[in-house]
Amino acid sequence: QVQLVESGGGLVQAGGSLRLSCAVSGRTFTTSYMGWFRQAPGKEREFVAAVQWNGYSTSYSDSVKGRFTISRDNAKNTVYLQMNRLKPEDTGIYYCASRQSSSAEYDNWGQGTQVTVSS
């Protein structure tokens, strides 16, 4: 079992930046990938980015590629999402999640942190 706690959300103007953090605890040896998802008002949850916990492979949705960067610091048991050049469409609740392999579903989730981008 992995416990995830997000932080770093807030209110920012369009074009600004935020860095989200996800504190990871528990059975980290079962963790293969860490991912960030978001859910905008009235919309379904969507994938944002992912990174290998013990590797360097990353992936991004087309909507954030070139603006967002996912990274991790295993010594601090933390995953980050650096968000630059934010747009109002980036507004939503951002969730941290983990899965045990690239073929597994994300089955561990944090409580979410709100990101609001004003125009």
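The values are calculated or read from the model by the stated rules, or taken from the named source; none is laboratory data. Computed from a prediction, not measured in an experiment: that's the story for all the values here. Please note: Cβ atoms are built from the backbone with ideal geometry, for glycine as well, and neighbour counts cover all protein chains shown. For accessibility, only protein heavy atoms count, side chains too; no ligands or nucleic acids. Shrake-Rupley method; radii C 1.70, N 1.55, O 1.52, S 1.80 Å.
Taken over segment 106-116, the criterion of being in a strand (DSSP E or B), under 20 Å from Val12 (Cβ atoms) and open to solvent by 10 Å² or more (accessible area, probe 1.4 Å) is satisfied by Thr113, Gln114, Thr116. Count of segment 61-72 residues, restricted to those that are assigned to a strand (DSSP E or B) and either farther than 17 Å from Val5 by Cα or touching a residue at least 60 places away in the same chain (Cβ under 8 Å) (or both), is 2. Among the residues of segment 29-60, those that are open to solvent by 20 Å² or more (accessible area, probe 1.4 Å), at negative phi and part of a loop (DSSP other than H, G, I, E, B) comprise Ser32, Ala40, Pro41, Lys43, Glu44, Arg45, Asn54, Tyr56, Ser57. Identify all residues within segment 10-49 that are free of Cβ contacts under 8 Å to residues at least 24 places away in the same chain and within 17 Å of Glu89 (Cα to Cα); write none if there are none. Across segment 10-49, the qualifying residues are Gly42, Glu44, Glu46, Phe47. The set of residues in segment 75-105 being open to solvent by 10 Å² or more (accessible area, probe 1.4 Å) and within 12 Å of the chain's Cα centre (by Cα) consists of Thr78, Tyr80, Gln82, Ile93, Tyr95.
Within segment 1-28, restricting attention to residues that are of a type outside the set (Val, Ile, Thr) and outside any strand (DSSP E or B), the residue that is surrounded by the fewest Cβ atoms within 10 Å (Cβ to Cβ) is Gln1. With respect to the conditions (1) closer than 24 Å to Val117 by Cα; (2) open to solvent by less than 40 Å² (accessible area, probe 1.4 Å), Gly66 falls short on a single one, namely (2). Of all the residues in segment 73-105, those that are outside any strand (DSSP E or B) and farther than 22 Å from Val2 by Cβ number 8.
Exactly one residue out of Leu86, Leu81 is closer than 21 Å to Leu11 by Cβ and in contact with a Phe, Trp or Tyr (Cβ under 8 Å, 6 or more places away or on another chain): that is Leu81.
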